[in-house]
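Here's the structure we're looking at; comments come further down.
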Amino acid sequence: MPLLIRRPSDIRPSEITSPEHFSRRRELIAALGLGLGAAGLALPRHALAAPAPAGVSPPTGFPPVARAAPGSPWFSDEAQTPKSAITSYGNFYEYGVDKADPGKYAPGLLKTRPWTVAVEGEVLKPRTFAIDDLLKLAPLEERIYRLRCVEGWSMVVPWVGYSLSALINKVEPTGNAKFIEFVTLADPAQMPGVRSPLLDWPYVEGLRLDEARHPLTLLGLGLYGEALPAQNGAPVRIVVPWKYGFKSVKSIVKIRFLREQPTSTWTRAAPSEYGFYSNVNPAVDHPRWSQKTERRLGEWRRRPTLPFNGYADQVASLYAGMDLKKNF
Ligand SMILES: Nc1nc2c(c(=O)[nH]1)N[C@H]1C(S)=C(S)[C@@H](COP(=O)(O)O)O[C@H]1N2
Ligand SMILES: [Mo]
């Protein structure tokens with residue numbers, strides 16, 4: 001329902017990024033080959049227009065998934081956002097800043113096999129996981145989570161994956177590990193957006209180790225019972241449902257365990273606007289817009305935004321004693 005989804009009330013990229021960064025949007029558009037006229041094409045035209053070539057799409061044989069049933073902690077009876085909306089409206093700046101860009105370009109460009117995730121830093125057992133090992137590391141569960149973008153739109157997504165803690169336990173963090181950093185692939189051949197200086201690539205995000213170990217923090221491998229679509233961060237991503245969507249890093253190739261708090265991509269781009277914690281919080285407005293309400297994709301009327309995106313019962317204790325206005 002693109003007409004319903006693309007409402008003028010949605011925050012535009014010009015409002016997301018600081019004006020200084022937004023001025024780089026022209027360069028990004030040029031890098032994507034979407035500028036005026038063929039002369040500006042930075043990519044072969046077929047690379048942008050082609051359907052997914054064979055071998056690029058996710059493999060068959062995705063493992064069985066335990067459905068979230070009423071009574072399970074991962075169940076929600078909220079209406080799930082249709083797959084067509086989840087896959088056609090989103091942010092993945094490696095493919096452009098328009099909400100439709102990831103769905104248009106990622107499926108034909110992102111190569112999800114072979115794929116590895118290197119886990120390093122403050123761990124006793126550093127290890128590089130092949131994607132097929134990650135698919136077998138723990139039983140796959142359906143997790144119906146709300147996702148609230150910092151821009152003020154939201155959706156309800158039936159992800160597939162398992163708690164990131166399952167992976168963390170395998171590599172045995174040292175006593176020095178206090179933070180964890182996630183790094184997205186940044187291959188200009190597969191991600192034309194990284195040719196633009198719009199953001200500092202690769203896209204990185206971080207969590208405190210106790211946040212990363214919280215059972216809600218998901219290593220996401222699928223959507224609607226199948227492998228993740230390219231545009232949603234195939235073949236493996238992080239999903240942190242009580243934080244603004246930009247903390248949920250897509251298409252990760254590296255996980256680092258750190259002593260110090262890392263600087264994430266959006267904090268580097270606009271430190272006064274995007275803090276390290278970025279917990280969903282209707283009481284703390286973005287400097288340039290209110291965070292009190294949100295628009296669920298497919299709905300017209302805005303609804304109230306809930307503290308911690310409705311997960312306060314599970315996660316508020318992680319922040320006991322902290323000033324969440326200061327630690328935004
Ligand atoms: N690597 C990378 N990860 C990213 C982003 C991005 O631009 N690049 N955008 C973030 C933002 S702002 C949101 S709202 C979610 C959107 O995820 P979805 O498209 O699967 O809904 O991805 C997040 N992860
Ligand atoms: Mo977002």
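Throughout, read-outs are computed from the coordinates displayed, never taken from laboratory work. Predicted model, so just to flag it, every value in this text is computed and none were measured. Positions of Cβ are backbone-derived with ideal geometry, glycine not excepted, and every protein chain shown enters the neighbour counts.
Taking N as the number of residues in the stretch 53-177, what value does Rg over Cα atoms divided by 2.2 N^0.38 Å take?
Working: Rg = 17.0 Å, N = 125, 2.2 N^0.38 = 13.8 Å.
Dividing the Cα radius of gyration by 2.2 N^0.38 Å gives 1.23.
Provide the net charge surrounding R67, with neighbours chosen by a C-beta distance below 15 Å and charges set as Lys +1, Arg +1, Asp -1, Glu -1.
Details: positive: R143; negative: D77, E141, E142, E226.
Summing Lys/Arg as +1 and Asp/Glu as -1 gives -3.
State whether the stretch 282-328 is rounded, prolate or oblate according to the following rule on the C-alpha gyration tensor (a ≥ b ≥ c being the square roots of its eigenvalues): a/c under 1.5 gives rounded; otherwise a/b larger than b/c gives prolate, and the remaining case gives oblate.
Judged from the Cα gyration tensor, the stretch 282-328 comes out oblate (a/c at least 1.5, b/c at or above a/b).
What shape does the stretch 129-192 take by its C-alpha gyration tensor, where a ≥ b ≥ c are the square roots of the eigenvalues and a/c under 1.5 counts as rounded, a/b above b/c as prolate, and the rest as oblate? Intermediate results must be reported in sequence, preceding the final value.
Numbers: a/c = 1.44, a/b = 1.24, b/c = 1.17.
In terms of gyration-tensor shape, rounded.
Taking 8 Å as the Cα distance limit and 6 or more residues as the minimum spacing, I'd like the relative contact order of the stretch 185-291 as a percentage. Mind showing how you got there, number by number?
On the way: 132 pairs, mean separation 25.4, N = 107.
Rounded, it is 24 percent for the stretch 185-291.
Just to confirm a number: summing +1 for Lys and Arg and -1 for Asp and Glu over residues other than R303 whose beta-carbon lies under 9 angstrom from that of R303, what do you get? Don't skip to the answer; put the middle values down first.
Working: positive: R295, R296, R301, R302; negative: E294, E299.
Around R303, the surrounding residues sum to +2.
Distance between Cα centroids, the stretch 61-133 to the stretch 197-237: provide it in whole Å.
Spelled out, the Cα-based centre of one part sits 6 Å from the other.
Under the 0.36 nm per residue contour assumption, what length would be gained going from the current alpha-carbon distance of K325 and E299 to full extension?
Working: separation 26, 0.36 × 26 = 9.36 nm, distance 2.96 nm.
Value of the extension gain: 6.4 nm.
Over the alpha-carbon set of the stretch 176-273, work out the extent along each principal axis and list the three values in angstrom, largest first.
36, 36, 24
By how many nm would the segment from S84 to A283 lengthen if fully extended, with 0.36 nm per residue of separation less the alpha-carbon distance?
Numbers: separation 199, 0.36 × 199 = 71.64 nm, distance 3.19 nm.
Residue separation times 0.36 nm, minus the Cα-Cα distance, leaves 68.4 nm.
How much net charge surrounds S154 when only other residues with a Cβ under 9 Å from its Cβ are counted (Lys, Arg +1; Asp, Glu -1)?
Local charge sum for S154: +4.
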